[in-house]
Amino acid sequence: MCSLELRSISLTIRELQASGCIHKGVYQPRSSCPSADLITQMTLALLQELLMALRANDADGYTAWVVLGIEKLGRDVAGEVESYWMVPLLVEEERDRLIAWQLGASL
């Protein structure tokens, strides 16, 4: 995925966040929301699935979604979803669990 596409996705996500069309990591389309193309929808779906796996304490599921995100969207997009968009949505317990998983531990 080229950097132009990545910037386009980032801009679209930021527009959706600013317009209130993304709430707690979930895309909630309304008539006032800008349309989201397929890649943006896939990016939002990845964010949603990562959050659900983390909240379900499913380390294997989380890892599988990260791998799929990298495969389908590229490492840059998947990494941005995980670090830039997801982390601000987490409570302290979820952040601790994510760090533990990344270190190979389980909480």
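The values are calculated or read from the model by the stated rules, or taken from the named source; none is laboratory data. Predicted model only: the values in this text are computed from it and were never measured. For neighbour counting, all protein chains shown are included, and Cβ atoms are generated from backbone atoms with ideal geometry for every residue, glycine included.
Looking at 75, 30, 14, 7, which one is under 13 Å from the mean Cα position of the chain (by Cα), among the charged types (D, E, K, R) and modelled with pLDDT under 80? Before the answer, list the steps.
On the way: 75 fails: modelled with pLDDT under 80; 30 fails: under 13 Å from the mean Cα position of the chain (by Cα); 7 fails: under 13 Å from the mean Cα position of the chain (by Cα).
Result of the check over 75, 30, 14, 7: 14.
If I filter the stretch 74-89 down to residues being buried (at least 19 other Cβ atoms within 10 Å of the Cβ) and aliphatic (A, V, I, L, M), which single residue comes out as farthest from residue 51 (Cα to Cα)?
Once the filter is applied, the top-ranked residue is 77.
In the stretch 48-73, how many residues are polar (S, T, N, Q) and either loosely packed, with under 15 Cβ neighbours inside 10 Å or touching a residue at least 60 places away in the same chain (Cβ under 8 Å) (or both)? Show your work before the answer.
At the first step, the residues of the stretch 48-73 found to be polar (S, T, N, Q) are 48, 57, 63.
Filter once more, so that each one left must be either loosely packed, with under 15 Cβ neighbours inside 10 Å or touching a residue at least 60 places away in the same chain (Cβ under 8 Å) (or both): 57, 63.
Final tally of qualifying residues: 2.
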